[in-house]
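**Student:** Can you keep this structure in mind? I'll have questions shortly.
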Amino acid sequence: MFFLFGIVVLVIMLTQLDYHEVWSGLRSAGYWFFAVLALWGLLYVFNTATWHIILKSGGRTNVNFFWLYKITVSGFALNYTTPCGLMGGEPYRIMALSPKVGAERASSSVILYAMTHIFSHFIFWLLSILIYILTEPLGNFIVNVVLAAACAFCILGVWFFVKGYRKGMAVRLMRFVRHIPGLKRWARGFIEKHKEQLDTIDSQIAALHNQNRKSFVSAVTLELACRFCSAFEIMFILLVLNIDATFAQCVLILAFTSLFANLLFFLPLQLGGREGGFLMSTASLALPAGAGIFVALIVRIRELVWTAIGLLLINMEKKRK
């Protein structure tokens with residue numbers, strides 16, 4: 001049902017597209033598209049380094065960085081292809097890492113990385129609101145209301161994750177699942193059976209924030225730097241269309257689009273949500289509407305290429321074993 005909804009939204013937006021302009025843009029993209037692909041190869045290094053810092057903070061480990069990079073790429077590939085909160089990659093990462101460091105440490109590191117990844121998004125959105133206030137006019141009442149609501153949402157998110165870092169998140173998540181219809185009995189039994197393991201995972205999560213402040217700050221800083229660097233992707237694509245957009249504008253486009261798309265997390269591949277976010281963000285910055293759809297198209301192609309690479313790496317890992 002959600003997939004069909006995304007398809008309908010996508011079709012409506014495609015009817016507004018100038019296909020001659022899109023085809024011309026695709027033909028002229030050339031080396032810029034390979035620059036976008038290469039950029040994401042670098043951004044995945046940031047993601048892997050964050051996870052590696054988290055793993056090292058939990059004690060000595062012999063996990064190879066290049067192997068961890070492969071698991072990171074594959075995990076994001078599964079996240080792209082599964083609906084319901086982008087939760088496909090996390091179980092895979094835990095299963096892949098468990099034989100090397102144990103199930104509890106693998107679980108805590110993956111939960112911590114997911115928390116850091118989402119936490120950096122909230123900080124990125126807050127900083128983007130500040131950038132908008134400093135660089136764009138604030139005369140529109142509706143825009144001001146949206147900014148205020150987004151700011152309140154992000155502050156609430158930051159507070160929630162800071163609290164989760166201090167006390168752990170595993171037990172908290174399972175208690176939340178316990179209130180979901182159809183999962184109550186299973187969650188209650190799971191908590192009773194694995195209470196000791198869940199407490200251990202939470203203690204490892206809290207240790208990063210309470211005892212390893214340097215590791216915590218390094219992990220969050222790396223993820224935040226990754227968010228800002230990914231704005232270069234939008235800048236590269238807009239250069240193909242000969243649109244002179246500033247880096248600040250690219251950051252704002254990325255921030256609004258990621259916020260809008262994450263609110264529609266239940267759509268498989270965030271289909272329609274991502275495109276709608278690009279369309280609205282470019283229009284709000286007085287850029288051509290076609291530019292938003294073109295950016296979304298190139299980003300979607302890039303996602304498909306890296307998803308294919310990630311799934312191929314999973315298959316190669318299975319054959320190696």
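**Student:** Label GLU317 and LYS184 with points 7 Å out from Cα along Cα→Cβ: what is the distance between them in nm?
**Tutor:** Computed distance between label sites GLU317 and LYS184 equals 3.7 nm.
**Student:** Next question. Would you please give the FRET efficiency between THR246 and VAL162, computed as 1/(1 + (r/R0)^6) with r the Cβ-Cβ distance and R0 = 41 Å, to the nearest 0.05?
**Tutor:** 0.80
**Student:** Additional query: Could you sort PHE46, PHE153 by their accessible area in this structure, using a 1.4 Å probe and putting the largest first?
**Tutor:** PHE153, PHE46
**Student:** Could you state how much accessible area LYS56 has, in square angstrom rounded to the nearest 10, with a 1.4 Å probe and all protein chains kept in place?
**Tutor:** That residue has around 120 Å² of solvent-accessible surface.
**Student:** Measure out, as a whole number of angstrom, how far apart the alpha-carbon centroids of the range 77-146 and the range 152-199 sit.
**Tutor:** 17
**Student:** Something else: Report the accessible area of GLU317, computed with a 1.4 Å probe over the heavy atoms of all protein chains in place, in Å² rounded to the nearest 10.
**Tutor:** Accessible area of GLU317: about 10 Å².
**Student:** So what is the relative contact order for the range 75-226, in percent, with contacts set as C-alpha pairs under 8 Å and at least six apart? Working shown, then result.
**Tutor:** Working: 122 pairs, mean separation 39.1, N = 152.
That works out to 26 percent.
**Student:** Something else about it: Got a sec to turn the phi values of the range 95-102 into Karplus ³J(HN,Hα) couplings, 6.51 cos²θ - 1.76 cosθ + 1.60 with θ = phi - 60°, whole Hz, x for Gly and Pro?
**Tutor:** 5, 6, 8, 3, x, 8, 10, x
**Student:** Between SER98 and ALA35, how many nm apart are label points set 7 Å from Cα along the C-beta direction?
**Tutor:** 4.4
**Student:** Once fully extended, how much extra length lies between ALA149 and SER203, figured as 0.36 nm per residue of separation less the alpha-carbon to alpha-carbon distance?
**Tutor:** The span from ALA149 to SER203 would gain 16.1 nm if fully extended.
**Student:** Rolling a 1.4 angstrom probe over the protein chains, ignoring ligands and nucleic acids, what is the accessible area of TYR92 in square angstrom, nearest 10?
**Tutor:** Surface accessible to solvent at TYR92 totals approximately 40 Å².
**Student:** I'd like the FRET efficiency for PHE141 and ASN62, computed as 1/(1 + (r/R0)^6) with the beta carbon distance as r and R0 of 45 Å, rounded to 0.05.
**Tutor:** Efficiency, rounded to the nearest 0.05: 0.20.
**Student:** Another question about this same structure. Taking 0.36 nm per residue of sequence separation and subtracting the Cα-Cα distance, how much length would be gained by fully extending the chain between LEU134 and GLU196, in nm to one decimal?
**Tutor:** 17.4 nm
The values are calculated or read from the model by the stated rules, or taken from the named source; none is laboratory data. Being a predicted model, the structure only gives us computed values, none of them experimental. Positions of Cβ are generated from backbone atoms using ideal geometry, with glycine treated the same way; all protein chains shown enter the neighbour counts. Calculation scope for accessible area: heavy atoms of the full protein, side chains included, ligands and nucleic acids excluded. Shrake-Rupley method; radii C 1.70, N 1.55, O 1.52, S 1.80 Å.
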